[in-house]
1. Can you tell me which condition A:Ala267 does not meet? The list is (1) within 14 Å of another protein chain (Cβ to nearest Cβ); (2) surrounded by 24 or more Cβ atoms within 10 Å (Cβ to Cβ); (3) over 29 Å from A:Trp156 (Cβ atoms), and all the others hold.
2. Could you pull out the residue among B:Asp93, B:Asp83 that is at pLDDT 95 or above, closer than 30 Å to A:Ile113 by Cα and near DNA strand C (Cβ under 10 Å from one of its atoms)?
3. Return yes or no: is A:Arg68 at pLDDT 95 or above and more than 39 Å from the chain's Cα centre (by Cα)?
4. Can you tell me which residue is farthest from A:Arg213 (Cα to Cα) among those in region A:293-310 that are within 14 Å of chain B (Cβ to nearest Cβ) and in contact (Cβ under 8 Å) with a residue 40 or more places away in the chain?
5. For region B:231-256, how many residues are under 15 Å from B:Ile303 (Cβ atoms) and under 23 Å from the mean Cα position of the chain (by Cα)?
6. Would you check if there is a residue in region B:147-155 being touching a His at 6+ places or on another chain (Cβ under 8 Å) and at pLDDT 95 or above?
7. Collect the residues in region B:167-185 that are touching a residue at least 24 places away in the same chain (Cβ under 8 Å), facing chain A (nearest Cβ under 7 Å) and not in a loop (DSSP other than H, G, I, E, B), keeping them in residue-number order.
8. Just checking, how many residues over region A:202-240 are more than 10 Å from chain B (Cβ to nearest Cβ) and in contact with a Phe, Trp or Tyr (Cβ under 7 Å, 6 or more places away or on another chain)?
There are 2 protein chains.
Amino acid sequence: MVTRISPQNLIKRYTCHSVAKLDETPDHQREQMTEKPKLQTVAREAGVSVATASQVMRGTGRISDKTRKKVLKTAKKLNYVPDGRAASMRSGDSREIGLAIHQIANPFNAEVISGVSDLLDSEGYLLSVLDARDDATHQRKQIEAFIRSSRAGLIWVPAQNTPAETFDLLKTHRLPTVTFLREPDAPGLDHIGIENAKATAKATTYLIELGHRNIAFLGGTARVAVRAERIRGYSETLARHGLGPAIVVDSADDKIAGMTAMTEMMASQPGVTAVVCNGDIVAIGASLALARMGLLPGSDVSIVGFDDIQDAALATPPLTTMAVSPYQLGQKLGRVVIDRIRAPEAPPSLSLVPADLVVRETTGAPAAHANA
Amino acid sequence: MVTRISPQNLIKRYTCHSVAKLDETPDHQREQMTEKPKLQTVAREAGVSVATASQVMRGTGRISDKTRKKVLKTAKKLNYVPDGRAASMRSGDSREIGLAIHQIANPFNAEVISGVSDLLDSEGYLLSVLDARDDATHQRKQIEAFIRSSRAGLIWVPAQNTPAETFDLLKTHRLPTVTFLREPDAPGLDHIGIENAKATAKATTYLIELGHRNIAFLGGTARVAVRAERIRGYSETLARHGLGPAIVVDSADDKIAGMTAMTEMMASQPGVTAVVCNGDIVAIGASLALARMGLLPGSDVSIVGFDDIQDAALATPPLTTMAVSPYQLGQKLGRVVIDRIRAPEAPPSLSLVPADLVVRETTGAPAAHANA
DNA sequence: TTATCATGGTATAACGTTCTACCATTTGTC
DNA sequence: GACAAATGGTAGAACGTTATACCATGATAA
């Protein structure tokens, strides 16, 4: 929509509730005017007992229409909002679910969060996200914080090398937890993850079928289990075709790190004609690096990403990648944690979702001279 | 780092705590073995009173070293974590701060979150992020949720057209709140925002000095105040130079929307030689659109973004933009909300941070024939 | 009439902490 | 040896809800 406007300031009026002047107000009025309303206040104001007010607010029990309306009206008038701490403490349940994940900024994670949030919302739960650090001791504190605040459930991407004590903590406190991506074998916890090995195997097979013989793996750091699986899928496929050795290059999970890693690798391993990446971000970085070196992704060197984030399709050139749908993954996470909350004794579930090869423009047959 | 490895599965051992078999366990033992530990449990086990245990856990009062150690040891042994609901209800304070923001996936927002989280963490607070929707009624519920769960403070990007009642709610419940980006004039609330008008004025002036005469504004939707200010800075600058009329094009805040908006505008307003954008994402989209049309950003048409997200520098070509440092903005937000919590009666603060022009490669003098 | 039963409401004890006030000891002081 | 003061600890109420058990009514049935 194209418009020609002469913009003007947007003016907004606030109703100006007079702030109570404490000095001039007699005691008996003061409370009513300024104190944060509690159930007692509502009950007194409506002329009923606290118990009745409570029942009305929750819509339980047998209350006549007349009193119900009376109570609701005064509650609204006083801006009453129940104190969740007290309610949850007494009733023993909460409607708040925690999500501990590192790197919120990562678009893949962001889309997962979105999926979780929407599903939980539709079920009447509230999601609060913790921008975790991928660090075991720090993480322990954050898990404790979740326990302290009595979340109804927890969705958790465990840090690398999470010690067993952290899992014990969750068990002691009976916190319904689903692990995501990492630690699929944590005993007693639900898990949702990705078929990592199968995915990279698929990607590698595809590259081999295109004619590539010298294929590297790029991205990820240290001995994260997820990455180890992806590397396994990649290297086992190489081995099955009598190719090798596997070439694995570390890189942090951002574009710049991907660029430098790719640049360094091309220098030290000039024979490589194709790269399987640990994630789209790194893959896009690698693609940028090629461009800066005057090479054309998909023709000079092939690149396969992982995740299929939104930018994968918009990159130049558009990125071939292993697609998992992060939003749907998020919804699934939400579903599982709710099921767990509702049936705490059900046997733990384990679900690994497949990743599909999406061919775009960063892959192609190797240049004729390459494998000569 | 390039390594040749023969990958193997990472094996992890979990200590297998025997899950108590409820059927076989006599009553008096059952509680001790399986029940979630509370202060009472710790106290009993350590042979002290609940009050003493409480003091030890909080490090207050006068407790001998001997008992302190005894209590701490049993607390650790039992995996005790205090119940924050009870603690907070009684003591009246909480260490948890809420952040309600829409579009977590937006890299600008993600970096802000990171800044807030780090600062709060260093002050011993926990940040929980809510993936809000930019919608007034939905938002109201989310604010209520924050009040219900008694957060110590709140950082909030108000939705468009937030009704006055929502502000009243915050006031009634005395929730220390700092608004971010929008609603700088909400009475009694701290605010941190950006000098939007000045920034777009700067961008527009720069384009005019380069020789452009036909400049459009691209991005944003509806009458969001932030965008209105940016449009004001842009159009006032045009007017001051005797240029006009202002051309304003709507677009949602993602790359694809930016692409289509740019494409449509170029069709309907062929004379335009430069574009000031409402955000980097849209600007990058616009840049992509130009490329698809066979035009070169910075030479055929100039583009200025807003935000300076990480991708701005990495885009092809690198994006000229108005830089605000989202991470630092986040830290500032954290600081302000903590100050507010510590001094509830202090006068509300208002701080608008400037944006700096960062010239990269999407801007340049107009093509010779353009303004002829 | 009296027993029975809905109906609508209330009193009160939890929930797991922290805070206030208080009670024993021991130590120090004259 | 008596008093004050310091030391180390405890009992019990309170925070704002919800759950349980109970109590009035008036209506229905025998």
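1. (2)
2. Values: B:Asp93 fails: at pLDDT 95 or above.
Going through B:Asp93, B:Asp83 in turn, the sole match is B:Asp83.
3. Details: at pLDDT 95 or above: yes; more than 39 Å from the chain's Cα centre (by Cα): yes.
Yes, satisfied.
4. If we take residues in region A:293-310 being within 14 Å of chain B (Cβ to nearest Cβ) and in contact (Cβ under 8 Å) with a residue 40 or more places away in the chain, then A:Gln310 is farthest from A:Arg213 (Cα to Cα).
5. Here is the first cut: in region B:231-256, the residues under 15 Å from B:Ile303 (Cβ atoms) are B:234, B:247, B:249, B:251, B:255.
Still in the running and under 23 Å from the mean Cα position of the chain (by Cα): B:251, B:255.
Going through region B:231-256 one residue at a time, the tally reaches 2.
6. First pass over region B:147-155, keeping only residues touching a His at 6+ places or on another chain (Cβ under 8 Å): B:147.
In the following step, the residues that additionally are at pLDDT 95 or above were identified as B:147.
Looking through region B:147-155, at least one residue is touching a His at 6+ places or on another chain (Cβ under 8 Å) and at pLDDT 95 or above.
7. Listed by number, the list holds a single entry, B:Leu169.
8. 1
The values are calculated or read from the model by the stated rules, or taken from the named source; none is laboratory data. Since the structure is predicted, the reported quantities are computational estimates derived from the model, not experimental observations. FYI the Cβ positions are ideal-geometry reconstructions off the backbone, even for glycines, and counts take in every protein chain you see.
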